[in-house]
Amino acid sequence: MTDAFIRLFTAYTADQDSIGRRLGRAVTDRSRADPLIAATATDIALYPGGGRPPTVEGFRMSTRGFKELTGVSHLGPAVASLVRLRALGEASWRESAERLLAEVKATRAANSTELWRDQVAVEAYRGKEGEIAALVDRACEATGRYLTLALDDEEYLSPTTLRRDFLDGDDGVNAMMVATFFLVSLDINFRVARWFTARDVAWERAMVVVAGRQGRPTAGVTWNTSSVATMILAASRGRLPLERVYVAPHAPTFATPADGDLSEVAALEEELRALWCGTRATVELGEVMFDGYPRYTPGGLVLPDVADPGVTEVSEMPAIRSAGDMRALVTRLRVVLEDPRQLLSGCVTDFAAASLAAAGNDPTRVTVPGL
């Protein structure tokens, strides 16, 4: 390349004083009073705008009940992984099965209604503690029974027995996995919606960045596959335009604040505002340059219907007709495993959010599928 061509290239981009960078800064300067919401995989920060300090709400691993319920959710894939290990000729399946069996027995002994009511004490689960304890007991009992049979006769450990004796059926682990995923989403959506309501966000002007890695490296990078984006959109009750939500897996993130120290969160505001506004500046060029041509608008996702048993394949999460639609709910469990775009924990986030919204954010009025 000649120097003249390089200078032409940097005149618009790749330079701090380029035209593109100047436009981005101009848009940022005019948006400083607007609320900015930045969500990581575990926390949400709200920058109110106008120089006011941020606030943060943790919604995942720093909250009560998440790891307890997730441990139960993992029983299905854990046992299925043992089946695969044996099929691959890995002798280590037995040691892993013995470890899992010991942990399941210990968990079953520690589980009780009182544990969920008095120690875990999640507000969204009030009145459901006995049902949750019974669910955990059934899951542990089923897992312990299956593992014991497999350790006594390894030929028993197969995909056929896994599905027939462990996963399927009204009291199978599939239903328990649906229930635990839903309970986690119920709690998270309940708290986040209440937190946003208390802050009276001007949603029509809100700037949203879903920042950093959300799960496995290929997951949650679009509006339709990001459970965090789904949660924020649900909390806005339809007031947040989808076009103002940017999923940015390479955006900077902050660690979960410790001891109320929000200095790291506050320090990121300028960079996150510049990221959102720089993206927005390019988007807004479309109207300037191409007025009169069809404009882009975010489309709604049409979910496939799997009520017909003849449906054998889907390319998106299926629609859920009701809390009793176990065919759709279990199909979603399969989709989040096989579709690398999906977050494993996001299989029922949208259904939990919609159920809560319909109940006026009152979790006592929500039916938990599989519970």
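The values are calculated or read from the model by the stated rules, or taken from the named source; none is laboratory data. Quantities reported herein were computed from a predicted structural model and do not represent experimental measurements. Ideal geometry is used to build each Cβ from the backbone, glycine not excepted, and the neighbour counts take in all protein chains shown.
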Subset of the stretch 263-272 [out of contact with any strand residue (DSSP E or B) (no Cβ under 6 Å at 6 or more places or on another chain) and either of a type outside the set (S, T, N, Q) or touching a residue at least 24 places away in the same chain (Cβ under 8 Å) (or both)]: 264, 266, 267, 268, 270, 271
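Residues in the stretch 102-128 that are surrounded by 18 or more Cβ atoms within 10 Å (Cβ to Cβ) and either closer than 20 Å to residue 162 by Cβ or not charged (D, E, K, R) (or both): how many?
Restricting attention to the stretch 102-128, the residues satisfying the condition of being surrounded by 18 or more Cβ atoms within 10 Å (Cβ to Cβ) are 104, 107, 111, 116-117, 122, 124-125, 128.
Going one step further and asking which of them are either closer than 20 Å to residue 162 by Cβ or not charged (D, E, K, R) (or both), we end up with 104, 107, 111, 116, 122, 124-125.
The number of residues fulfilling the criteria is 7.
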Single match in 86, 64 (criterion: in a loop (DSSP other than H, G, I, E, B) and surrounded by 13 or more Cβ atoms within 10 Å (Cβ to Cβ)): 64
Pairs please, first residue from the stretch 114-127 and at positive phi, second anywhere and at pLDDT below 95 and not in a helix (DSSP H, G or I), Cβ atoms under 9 Å, 6+ apart in sequence or on different chains. 121/64; 121/65
When you scan the stretch 26-36, do you find a residue that is farther than 30 Å from residue 164 by Cβ, within 21 Å of the chain's Cα centre (by Cα) and crowded, with 18+ Cβ neighbours inside 10 Å, even just one? yes
Hits in the stretch 279-302 - residues which are of a type outside the set (A, V, I, L, M) and not in a helix (DSSP H, G or I): 291, 292, 293, 294, 295, 296, 297, 298, 299, 300
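What do you reckon, is residue 319 among the small types (Gly, Ala, Ser), more than 28 Å from residue 34 (Cβ to Cβ) and more than 18 Å from the chain's Cα centre (by Cα)?
Working: among the small types (Gly, Ala, Ser): yes; more than 28 Å from residue 34 (Cβ to Cβ): yes; more than 18 Å from the chain's Cα centre (by Cα): no.
The answer is no for residue 319.
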Whether any residue in the stretch 202-213 is within 24 Å of residue 72 (Cα to Cα) and in contact with a strand residue (DSSP E or B) (Cβ under 7 Å, 6 or more places away or on another chain) is what I want to check. no
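Do we find a residue being free of Cβ contacts under 8 Å to residues at least 24 places away in the same chain and at negative phi anywhere in the stretch 39-49? Working first, answer last.
First, pick out the residues of the stretch 39-49 that are free of Cβ contacts under 8 Å to residues at least 24 places away in the same chain: 49.
Add one more test, that the residue is at negative phi, and what stays is none.
Scanning the stretch 39-49 turns up no residue that is free of Cβ contacts under 8 Å to residues at least 24 places away in the same chain and at negative phi.
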Residue under evaluation residue 224, criteria (1) assigned to a helix (DSSP H, G or I); (2) at pLDDT below 95; (3) closer than 23 Å to residue 265 by Cβ, criterion not met: (3)
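From the list 175, 198, pick out the single residue that is within 20 Å of the chain's Cα centre (by Cα) and either of a type in the set (Gly, Ala, Ser) or not in a helix (DSSP H, G or I) (or both).
Details: 198 fails: within 20 Å of the chain's Cα centre (by Cα).
After ruling out the rest, the residue left standing is 175.
From the list 134, 150, 139, which one is more than 18 Å from residue 355 (Cα to Cα), in a helix (DSSP H, G or I), among the small types (Gly, Ala, Ser) and without any contact (Cβ under 8 Å) to a residue 24 or more places away in the chain? I'd like the intermediate steps shown before the answer.
Values: 150 fails: without any contact (Cβ under 8 Å) to a residue 24 or more places away in the chain; 139 fails: without any contact (Cβ under 8 Å) to a residue 24 or more places away in the chain.
Step by step, each of 134, 150, 139 is checked, and only 134 is more than 18 Å from residue 355 (Cα to Cα), in a helix (DSSP H, G or I), among the small types (Gly, Ala, Ser) and without any contact (Cβ under 8 Å) to a residue 24 or more places away in the chain.
Results for (1) surrounded by fewer than 18 Cβ atoms within 10 Å (Cβ to Cβ); (2) under 20 Å from residue 29 (Cα atoms); (3) free of Cβ contacts under 8 Å to residues at least 12 places away in the same chain, shown as yes or no for each residue.
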{"residue": "213", "(1), (2), (3)": "yes, no, no"}
{"residue": "231", "(1), (2), (3)": "no, no, no"}
{"residue": "246", "(1), (2), (3)": "no, yes, no"}
{"residue": "249", "(1), (2), (3)": "yes, no, no"}
Selection within the stretch 103-131 - touching a Leu at 6+ places or on another chain (Cβ under 6 Å) and among the aliphatic types (A, V, I, L, M): 124
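In this structure, does residue 309 turn out to be touching a residue at least 24 places away in the same chain (Cβ under 8 Å), in a loop (DSSP other than H, G, I, E, B) and surrounded by fewer than 14 Cβ atoms within 10 Å (Cβ to Cβ)?
On the way: touching a residue at least 24 places away in the same chain (Cβ under 8 Å): no; in a loop (DSSP other than H, G, I, E, B): yes; surrounded by fewer than 14 Cβ atoms within 10 Å (Cβ to Cβ): yes.
In short, no.
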